[in-house]
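**Student:** So that we are looking at the same thing, I have put the structure below in structure tokens.
Every read-out reported here was derived from the displayed coordinates using simple, explicitly stated rules and does not represent laboratory data. Quick caveat: nothing in here was measured; it's all calculated off a predicted structure. Cβ atoms come from the backbone with ideal geometry, glycine included; neighbour counts cover every protein chain shown.
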Amino acid sequence: MATNKCPNGHQYNSNIFGDKCPFCLENSHKHISQVSERRHNSVRCVQYINDADWKNVSRIEYRFGESSIPPQYHRSYTISICASSKTISIDCYGKELLKKEYQSTIFEFQRLKEILSVLGISKHEETDSHGCTGGKTEYLRLYKGEFCSFDGYVYHCVGDWGTLNLPKEVSELICDTIPEGVKSLIESTL
């Protein structure tokens with residue numbers, strides 16, 4: 001993943017946004033076109049997040065669950081973002097190895113929600129992995145205050161299973177909010 005850092009210190013995925021920082025108001029950027037299709041892999045979508053829902057989101061929580069591999073290599077992580085802070089917690093089979101908190105601004109948070117709102121994140125009827133094992137799992141939870149208003153998961157194992165249509169740009173955008181970079185933080189725990 002190619003990253004850029006703007007003059008204001010924001011890191012972002014340049015493969016998606018080119019030279020235009022998605023967090024800076026003075027830079028214009030191209031929105032990723034809204035997904036209007038209400039089906040994903042021929043499965044009926046049961047919950048879309050509309051603009052009003054996104055405006056009320058007070059916290060975004062993304063979790064990456066690594067596949068079942070030996071503990072010395074297994075690293076899962078959770079990123080939680082709100083208007084005032086962003087936190088990353090890296091664990092190995094539930095044992096926390098590293099936790100870091102960074103300051104955030106309401107502007108950065110609003111901008112992230114604005115960008116995520118056009119990616120077509122949706123929840124659909126659960127699909128079964130038919131016994132596939134060894135995959136990786138991504139989870140997304142959106143909160144209104146302490147109430148979880150949206151949650152789902154996608155299990156990547158010879159296909160995508162679970163309850164969530166989660167475009168790959170979502171994880172890239174969320175991971176790009178961590179100043180030191182998720183990969184370098186994971187490497188620091190090995």
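**Student:** Which shape class, rounded, prolate or oblate, goes with the stretch 48-135 when its Cα gyration tensor gives a ≥ b ≥ c as root eigenvalues, a/c under 1.5 marks rounded, and past that a/b bigger than b/c marks prolate? List each step's numbers first, then the result.
**Tutor:** Working: a/c = 3.62, a/b = 1.28, b/c = 2.82.
The shape class here is oblate.
**Student:** Sticking with this structure for a sec: Name the residues of the stretch 66-83 whose amide N is less than 19 Å from a point 7 angstrom out from the Cα of Lys136 along the C-beta direction?
**Tutor:** 66-80
**Student:** What aspartates and glutamates sit close enough to Lys123 to cross-link, taking a C-alpha to C-alpha distance under 12 Å and skipping anything fewer than 8 places away on the same chain?
**Tutor:** Candidates past the 8-residue exclusion: Asp151.
**Student:** Is the C-alpha gyration tensor of the stretch 94-141 telling us rounded, prolate or oblate? Criteria: a/c under 1.5 is rounded; beyond that, a/b larger than b/c is prolate, otherwise oblate. Before the final figure, lay out the partial values.
**Tutor:** On the way: a/c = 4.31, a/b = 1.35, b/c = 3.18.
Verdict is oblate for the stretch 94-141.
**Student:** With labels modelled as points extended 7 Å from the Cα through the Cβ direction, what inter-label distance (nm, one decimal) is found for Leu98 paired with Asn4?
**Tutor:** Rounded to a tenth, the inter-label distance reads 2.7 nm.
**Student:** Classify the stretch 58-99 as rounded, prolate or oblate, taking a ≥ b ≥ c as the square roots of the eigenvalues of its Cα gyration tensor: rounded when a/c is under 1.5, otherwise prolate if a/b is larger than b/c and oblate if not. Each step should come with its number before you reach the end.
**Tutor:** Working: a/c = 4.42, a/b = 2.35, b/c = 1.88.
Prolate is the answer for the stretch 58-99, as a/c is 1.5 or above and a/b outweighs b/c.
**Student:** Which of the lysines could be linked to Lys183 by a straight reach, that is with a Cα gap under 17 Å, when you skip same-chain ones fewer than 8 residues away?
**Tutor:** Cα-Cα hits under 17 Å: Lys5, Lys86, Lys99, Lys100, Lys136, Lys168.
**Student:** When you have a sec, figure out the Kirkwood radius of the stretch 35-190 from all distinct Cα pair distances and drop it here in Å to one decimal? Could the numbers behind the result be given before it?
**Tutor:** Working: mean 1/r = 0.0613 Å⁻¹.
Result for the stretch 35-190, one decimal place: 16.3 Å.
**Student:** For the stretch 139-190, take the alpha-carbon Rg, divide it by the Kirkwood Rh, and send me Rg/Rh. Intermediate results must be reported in sequence, preceding the final value.
**Tutor:** Numbers: Rg = 13.7 Å, Rh = 13.1 Å.
Rg/Rh for the stretch 139-190 comes to 1.05.
**Student:** In addition: Report the FRET efficiency, 1/(1 + (r/R0)^6), for Ile69 and Ser184, where r is their Cβ-Cβ distance and R0 is 25 Å, rounded to 0.05. Show your work: numbers first, answer last.
**Tutor:** On the way: r = 20 Å, r/R0 = 0.80.
Here the calculated transfer efficiency is 0.80.
**Student:** Turning to a different aspect of this structure: When the scattering of the stretch 103-190 is computed by the Debye formula from its Cα atoms alone, each counted once and equally, what is log10 I(q)/I(0) at q = 0.18, 0.19, 0.26 Å⁻¹?
**Tutor:** -0.97, -1.05, -1.31
**Student:** So, one more: What ranking do 61-67, 144-150 get when scored by the average of other Cβ atoms within 10 Å per residue, highest first? Numbers along the way, then the final one.
**Tutor:** Numbers: 61-67: 17.9, 144-150: 12.3.
Put in order of decreasing packing, that is 61-67, 144-150.
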